[in-house]
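First the structure, in the form of structure tokens, and then the observations on it.
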Amino acid sequence: MKKRLLIADIILFIIFVAVDQYTKLLAAAWLKDSDSFVVMDGVLELRYLENRGAAFGMFKDQKWFFVFIAAVITIAIIYVLAQTPADRKYISLHMSLTLIASGAIGNMADRVVLGYVRDFIYFSIIDFPIFNFADICVTVGTVLMVVLLLFFYKENDLSFLSFKPGIRKNL
């Protein structure tokens, strides 16, 4: 069961990163240097933006800081996934962590290759900052994680993460 969960994590990770990169390629091809494409007037637009910062453009031009943070988060997620028991109650945890890792790597790939992140989804109804599929993955994964930690998992459900010197867990 554990191998199957980890294989599913890898497959979903690849799919989410591929969807992210493909939608960014489409956005660059169709939206760059053109007017925004109105999907629903006054509600949703597709508008190309090269974001050189973090969420909402904060910390502009700190590329290597973001690459470092994404790498640390991804390594931590891989560790947690490898330590998670093979039990059905942890499938949601796997999904949450896979979404977060996918989004982190999707945006990190843009930063490393291009020096910026390609954003293109804009909710004009609330004037929300422009974002992309990787941002959706991170947000949905984080919200799911918060819900799981607050309402589903008890402290002893996560005891597999506690560090015990001299004890190693097998995959």
**Q.** Cβ pairs under 6 Å, 6+ apart, first in segment 2-30 and within 20 Å of SER92 (Cβ to Cβ), second modelled with pLDDT under 95
**A.** LYS2/ALA86; ASP9/LEU81
Q | Of all residues making up segment 92-130, the number that are within 20 Å of SER36 (Cα to Cα) and in contact (Cβ under 8 Å) with a residue 60 or more places away in the chain | A | 12
Q | Residue in segment 22-44 that is under 17 Å from the mean Cα position of the chain (by Cα), surrounded by 12 or more Cβ atoms within 10 Å (Cβ to Cβ), of a type in the set (D, E, K, R) and over 15 Å from ARG118 (Cα atoms) present | A | no
Q: Could you grab me the full set of residues in segment 131-163 that are without any contact (Cβ under 8 Å) to a residue 24 or more places away in the chain, assigned to a loop (DSSP other than H, G, I, E, B) and closer than 17 Å to LYS89 by Cβ?
A: LYS154
Q) Can you find even one residue in segment 119-130 that is out of contact with any helix residue (DSSP H, G or I) (no Cβ under 9 Å at 6 or more places or on another chain), aromatic (Phe, Trp, Tyr) and in a strand (DSSP E or B)? A) yes
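The values are calculated or read from the model by the stated rules, or taken from the named source; none is laboratory data. Computed from a predicted model, the values in this text were never measured in an experiment. As a convention, Cβ positions derive from the backbone with ideal geometry for all residues, glycine included, and neighbour counts pool all protein chains shown.
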